[in-house]
Amino acid sequence: MTRFPITRMRRMRRSPALRALVRETSLAASDFIYPLFVTAERNKRKEITSMPGVAQLSVDGVLQKEIESVAQLGIRSVLLFGIPASKDAGATQSYADDAPVQKAIALIKKTAPDLVVMTDVCLCEYTDHGHCGMIKNGVVDNDSTLPILGKVVVSHAGAGADVVAPSGMMDGMVGAIRTALDGAGFADTAVLSYAVKYASAFYGPFREAAESPPSFGDRKSHQMDPGNVREALLVKPGLPYLDVLRAVRETYDLPLASYNVSGEYAMVKAAAKNGWIDERTAVLELLRGFRRAGADLILTYHAKDAAGWLRETPGDA
């Protein structure tokens, strides 16, 4: 027997206040991690064509202004990607003390001391071939890459990074990084692993932003096959892999993050520009979807816009 008409679920949907009262999945600026691209250039904000609203930022007043804006919006964390002045086969600028990421960490800590600074740890932005590790006999050599990653994280931690986020998908990278950090006296520096990173078509705009496309081949030998889930706590990309996010959530009780990647961001921006969707409504729905699927944290280029919208209309949370 049906309980209708006695039971009417619409009673609790009549107003924004009622909907907010019974909402199961909340959304707040503190849930977001905002990715930033920092460059060795000076006094420059270089817009990314395929990612409207996102730019490469020089580590000076340009980055400082952005950080002040981020902090004022209530966003608690940023993730740094670096674009060095030069690249080489050994990725030596990835662990140089005067590289953009290392300098950016110091500037951010001075500008907004309470902001959690995370750093991407991968070599693709620093190698002249654009791959995520050292090349031997024409392929990425996993084991010779691990010591380089150790140098990178020690350099980032020494500059003041709170969290290092290895994204190169090298086997053994978390263990090598933890050992390097502990051995250098940075036992308190946390590691956020890109444990579930797929070989995805949705990274295209990012590679423009980070100037990191591979000069030959692809990254399918070390990033996860899109058809798999049991290999895999960070899940990247987000939208095509919400089932993976849920599976990880149900298996582990650790803080779980999902990366709303550049291609997903670009699709929303393009559709909104053409008037096909309402950007604000779509973005908040999308981000809430990540939270509902199990994400504690969301890395997203929408972070500033979404934080502003949530502040303007708290009922949207």
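The values are calculated or read from the model by the stated rules, or taken from the named source; none is laboratory data. Computed from a predicted model, the values in this text were never measured in an experiment. Cβ atoms come from the backbone with ideal geometry, glycine included; neighbour counts cover every protein chain shown. Surface accessibility is based on the protein's heavy atoms, side chains included, excluding ligands, DNA and RNA. Shrake-Rupley method; radii C 1.70, N 1.55, O 1.52, S 1.80 Å.
For this structure, a couple of remarks:
- Here residue 185 meets each of (1) closer than 23 Å to residue 142 by Cβ; (2) of a type outside the set (S, T, N, Q); (3) modelled with pLDDT of 80 or more with one exception, condition (1).
- One residue stands out among those in region 228-254 that are over 16 Å from residue 264 (Cα atoms) and of a type in the set (Gly, Ala, Ser): the one that is modelled with the highest pLDDT, which is 247.
- From the options 110, 87, residue that is within 21 Å of residue 153 (Cβ to Cβ) and open to solvent by 30 Å² or more (accessible area, probe 1.4 Å): 87
- Search result, residues across region 90-107 that are over 19 Å from residue 41 (Cβ atoms) and surrounded by 24 or more Cβ atoms within 10 Å (Cβ to Cβ): 91
- Residue in region 188-210 that is modelled with the highest pLDDT, counting only those that are of a type outside the set (A, V, I, L, M, F, W, C) and either surrounded by fewer than 16 Cβ atoms within 10 Å (Cβ to Cβ) or not in a loop (DSSP other than H, G, I, E, B) (or both): 188
- Residues in region 158-187 that are open to solvent by 60 Å² or more (accessible area, probe 1.4 Å) and in contact with a Leu (Cβ under 8 Å, 6 or more places away or on another chain): 187 only.
- Long-range neighbours under 8 Å by Cβ, at least six apart or interchain, first residue farther than 17 Å from residue 123 by Cα within region 166-183, second open to solvent by 40 Å² or more (accessible area, probe 1.4 Å) and assigned to a helix (DSSP H, G or I): 181/154
- Top-ranked residue in region 24-78 [being of a type in the set (S, T, N, Q) and assigned to a loop (DSSP other than H, G, I, E, B); ranked as surrounded by the fewest Cβ atoms within 10 Å (Cβ to Cβ)]: 43
- Of everything in region 131-157 that is in a helix (DSSP H, G or I) and polar (S, T, N, Q), the residue that is surrounded by the most Cβ atoms within 10 Å (Cβ to Cβ) is 145.
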